[in-house]
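What follows is calculated from the coordinates using simple rules that are stated; it is not laboratory data. For clarity, every value in this text was computed on a predicted model and none was experimentally measured. Cβ sites come from the backbone with ideal geometry, for glycine too, and all protein chains shown count toward neighbours.
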Amino acid sequence: MKVFRVTGEIQKPNLQTSFRREVVALKPEHAVERVYTELGSKHRVKRFQIKITNVEEISPEEARSPLIRKLMVGEMGIVK
């Protein structure tokens with residue numbers, strides 16, 4: 001499993017905001033699909049309202065989310 005950072009923006013008629021999500025996935029396509037799913041369920045945003053600008057693979061140590069960092073570092077057996 002790899003860690004991906006997906007950045008983009010949500011464009012609703014009365015709201016325009018940027019986002020950055022870190023997800024664990026096998027491929028960049030899976031990471032994008034995961035972001036669409038999470039944003040759609042939590043914020044009631046349709047897929048056409050989400051504009052993804054960048055998908056990049058990052059190392060687990062670069063992850064800002066403590067949950068992802070702990071999950072991936074624990075999985076790989078690296079203890080800090």
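Just a few scattered comments:
- Relative to the Cα centre, the charge distribution of the chain, modelled as +1 at Lys and Arg Cβ and -1 at Asp and Glu Cβ, gives a dipole magnitude of about 360 debye.
- Relative exposure of Arg47, Arg69, judged by other C-beta atoms within 10 Å (fewest first): Arg47, Arg69
- Calculated FRET efficiency for the pair Lys12/Leu71, C-beta based, R₀ 22 Å, to 0.05: 0.10
- Remark: the Ile52-Arg21 segment gains 10.1 nm on full extension, using 0.36 nm per residue and subtracting the alpha carbon distance.
- The 3J(HN,Hα) values that the Karplus relation (6.51, -1.76, 1.60; θ = phi - 60°) gives for segment 38-47 are, in residue order, 5, 5, x, 7, 7, 10, 6, 10, 7, 4 Hz. Gly and Pro appear as x.
- Per-residue Cβ neighbour counts within 10 Å put Val73, Val6 in the sequence Val73, Val6, beginning with the fewest.
- Available extension along the chain between Met1 and Arg44 is 12.7 nm, counting 0.36 nm per residue and deducting the alpha carbon span.
- Across the options Ser59, Pro28, Gln16, the greatest Cα extent toward the positive end of the charge dipole of segment 2-76 (unit charges at beta carbon of Lys, Arg, Asp, Glu) belongs to Gln16.
- Order of Met72, Met1 under a 10 Å beta carbon neighbour criterion, fewest first: Met1, Met72
- The chain: equivalent-ellipsoid semi-axes (sqrt of 5 x gyration tensor eigenvalues, Cα, Å): 26, 11, 10
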